[in-house]
Structures are given as C-alpha cells and as structure tokens.
1. State whether the residues of segment 10-32 include one that is farther than 19 Å from V113 by Cβ, of a type in the set (K, R) and touching a Ser or Thr at 6+ places or on another chain (Cβ under 9 Å).
2. Of the numbered conditions (1) within 30 Å of L129 (Cα to Cα); (2) part of a loop (DSSP other than H, G, I, E, B), P52 satisfies every one except a single condition; which is it?
3. Quick check on segment 13-24. Is at least one of its residues in contact with a Phe, Trp or Tyr (Cβ under 9 Å, 6 or more places away or on another chain) and assigned to a helix (DSSP H, G or I)?
4. Return a yes/no flag: does segment 35-42 have any residue that is modelled with pLDDT under 90 and not small (G, A, S).
5. Looking at segment 99-107, is at least one residue acidic (D, E) and within 28 Å of L129 (Cβ to Cβ)?
6. Just the residues that are surrounded by fewer than 17 Cβ atoms within 10 Å (Cβ to Cβ) and modelled with pLDDT under 90, please, taken from segment 3-12.
7. Taking K31 and the conditions (1) under 16 Å from the mean Cα position of the chain (by Cα); (2) free of Cβ contacts under 8 Å to residues at least 12 places away in the same chain, which numbered condition does it fall short on, given that it satisfies the others?
8. Condition check: closer than 28 Å to S37 by Cβ and at pLDDT 90 or above. Does L103 satisfy that?
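The values are calculated or read from the model by the stated rules, or taken from the named source; none is laboratory data. If you're wondering where the values come from, they're calculated on a predicted model, not measured in any experiment. Cβ placement follows ideal geometry from the backbone for every residue including glycine, while neighbour counts extend to all protein chains displayed.
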Amino acid sequence: MNRRDYIILNEIVKNPTIKDKYLIEKLNLTKRKLDYSVEKINDWLELNNIQPIAKKNGKYYFEKEVLKILQVTDEENIMLFHTSRERIELVLLVLLTSKEKILLSKIAEELNVTKNTVLNNIKIAREDLKSLK
C-alpha cells in the first residue's frame, strides 16, 4: 500500500460517509485514480485476510480489523513510507551497487510506490548525478 492508498483508507475509516468527490478534490485525484486506489487497498486487505471495503448507497463499509491495522500502521508509519528524497537515494544506492539485473517493478514493490514514481525518482537521480560533474 502506498502513501496515497494509506491516506484514502484513513479518510474512509475516519468518515465512512465521505463522498468520493471530497476525496478527489482533497487529494487532487481523478475518479479513476481513486477507484484504482480503493482496488489496491482491497487487494492489500485481502492479502491480510481482512474483508475488503464495500461501498453501498454512498457509504463505505469495512470490518473492525481495518481499525486495528490502521492503529498498527500509524505507529509504524515512518517506516512504511519514504520521502521523495529518501526514495531517490535508495534508488541510486540499488542501481549503483547491484551486480544483477534490476526490475522496475521490484523497486516499486520494495518502496511501496508505483512504477511511474520510481521512473520519476530515477529521472531526478540522473539529474542529481549530472550536477556532480
């Protein structure tokens, strides 16, 4: 689960009657991105043997287990997500030290971000390296 998914889940748990329109505006998302994040959240919940979030009549429904997961996640939040700068440095570290072929999807999975985020981080890392010349 990435940072955006975590924020969306947290918002839904705090306010199950929250409107999609509010989440879209607050997080600067498209409807498709919001739907995709909810799908990813549900996949993550199922992986943790928790019923997925359901939406009926504009209200989100979820098991109490989701609250427990969020409490644990809140306590470990700093370790779950990396800042942009940390990700850039981690990507550089992996790319410069690995002797094996590195898959973009593997880096994305390890950092809990999308492949596009990793690509953007690589682009910034490349610019950082150019500036060292």
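1. The answer is no, given that none of the residues of segment 10-32 is farther than 19 Å from V113 by Cβ, of a type in the set (K, R) and touching a Ser or Thr at 6+ places or on another chain (Cβ under 9 Å).
2. Here P52 meets the rest and fails (1).
3. yes
4. no
5. yes
6. Once the filter is applied, which keeps residues that are surrounded by fewer than 17 Cβ atoms within 10 Å (Cβ to Cβ) and modelled with pLDDT under 90, segment 3-12 yields R3, I7, N10.
7. Against the list (1) under 16 Å from the mean Cα position of the chain (by Cα); (2) free of Cβ contacts under 8 Å to residues at least 12 places away in the same chain, K31 comes up short only on (1).
8. In short, yes.
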